[in-house]
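Accompanying notes for the structure given below.
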Amino acid sequence: MSIDRDRLKALFKSTNQTYLGAHFSIAGGIHRALIAAQAYGCTAAQLFTKNAKTWKERRLIDTDIHLFKQAVKDTRITRIASHTSYLINLATPERKKQAKSKRALTGELIRSDALGIPFIVHHPGSHMGSGLEKGLDRIVSAINDIFDDNPGLTPRLLFETTAGQGTGIGHRFEQLADIITRIEAKDRVGVCLDTCHIFAAGYDIRTKKTYWETMERFDDIIGLSNLYFIHLNDSLKAFCSRVDRHAHIGQGAIGMDGFQFVMTDPRLSGIPKIIETPKGSGNEDFDTVNLARLLNFIR
Ligand SMILES: [Zn+2]
């Protein structure tokens, strides 16, 4: 499929009020992610508020905040999520690492609050062999502590469904339900559903029947009212592989049908959707291709 950004922008305009976008880089400033999103016509965006691969914290300066808020006004993109650092693990049995993780997540909440970002997407964590129940307990008590110590921070913390690699928590809907029901401040938490991760974890969405069964289970166990954000990624790895590798929309093990079901499901129409698919290098611009594929389902 050959499509340029102008055609993609026209496609965005022709679909009424869907919130769709991609994860964009903050190189050159956090506001740059929104400027990049606008260049594609996106109506939603995801970004990191710091380098996600290091523990090094970032303190925002007034200019960061000013430029970001100006970019929100200019681009009119308000459905925004930040994604926490991959290093954070609230479920770890190592005390030092857990304390470090709590500080890092607190920093993320403070930065996102200052920027006016409404959602923070967060991987629940890995129990590192210490057992699922203990891991869940650690996550819940850490989050309750962080919220108690930092009242008044407005971003909603969304626990992402995971593929279940290693000792990762969050690959069964029951695990996420357990976390959010035990968080005291219910108005500060929710869930982000990632199509690649649930598929790799064993929730099929390839046929209409399996898609509806999966969404019914999500609704029964977690509740669709707790779903605030969706990651649309195809899966490079097989169903039930429990391996997290993102593929281009329609070109992985899920295939096009699964994404059509998500895009046309009226229960999900108001929920922001973000792709985290490979970007491509040089002249390749896979975001344009992947976003167009999704918009074609609803134009
Ligand atoms: Zn994701």
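At-a-glance table
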quantity: Matching residues in the stretch 173-222 - criterion: being buried (at least 18 other Cβ atoms within 10 Å of the Cβ), more than 20 Å from Phe119 (Cβ to Cβ) and charged (D, E, K, R); calculated: Asp178
quantity: Any hit, the stretch 55-74, residues being away from the ligand (no atom under 16 Å from the Cβ) and touching a strand residue (DSSP E or B) at 6+ places or on another chain (Cβ under 9 Å); calculated: yes
quantity: The stretch 223-249 - residue that is within 16 Å of the ligand (Cβ to nearest atom) and aliphatic (A, V, I, L, M) and, of those, nearest to Gln165 (Cα to Cα); calculated: Val243
quantity: Qualifying residue in the stretch 32-52 (condition: more than 30 Å from Met263 (Cβ to Cβ) and not small (Gly, Ala, Ser)); calculated: yes
quantity: Lone qualifier among Lys53, Lys69, Lys9 - being surrounded by fewer than 16 Cβ atoms within 10 Å (Cβ to Cβ) and either at pLDDT 95 or above or farther than 21 Å from His123 by Cα (or both); calculated: Lys69
quantity: Yes/no for Lys279 being within 16 Å of the ligand (Cβ to nearest atom), of a type in the set (Lys, Arg) and within 16 Å of the chain's Cα centre (by Cα); calculated: no
quantity: Among the candidates Thr277, Thr264, residue that is in contact with a strand residue (DSSP E or B) (Cβ under 6 Å, 6 or more places away or on another chain) and modelled with pLDDT of 95 or more; calculated: Thr277
quantity: Count of residues meeting criterion [of a type in the set (Lys, Arg) and free of Cβ contacts under 8 Å to residues at least 24 places away in the same chain] in the stretch 33-58; calculated: 1
quantity: Matching residues, the stretch 18-34, being of a type outside the set (Gly, Ala, Ser) and either part of a loop (DSSP other than H, G, I, E, B) or under 23 Å from Tyr228 (Cα atoms) (or both); calculated: Thr18, Tyr19, Leu20, His23, Phe24, Ile26, Ile30, His31, Leu34
quantity: Criterion violated by Ser241 - all others in (1) buried (at least 16 other Cβ atoms within 10 Å of the Cβ); (2) touching a Phe, Trp or Tyr at 6+ places or on another chain (Cβ under 7 Å) satisfied; calculated: (2)
quantity: Where a residue in the stretch 92-116 is surrounded by fewer than 18 Cβ atoms within 10 Å (Cβ to Cβ) and its partner, wherever it lies, is outside any helix (DSSP H, G or I) and aromatic (Phe, Trp, Tyr), with Cβ under 8 Å and at least six apart; calculated: Lys100/Trp55
quantity: Filtered residue count, the stretch 186-222, keeping only those that are more than 15 Å from the ligand (Cβ to nearest atom), under 20 Å from the mean Cα position of the chain (by Cα) and of a type in the set (S, T, N, Q); calculated: 1
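The values are calculated or read from the model by the stated rules, or taken from the named source; none is laboratory data. Because the structure is predicted, anything quoted here is derived from the model rather than measured. As a convention, Cβ positions derive from the backbone with ideal geometry for all residues, glycine included, and neighbour counts pool all protein chains shown.
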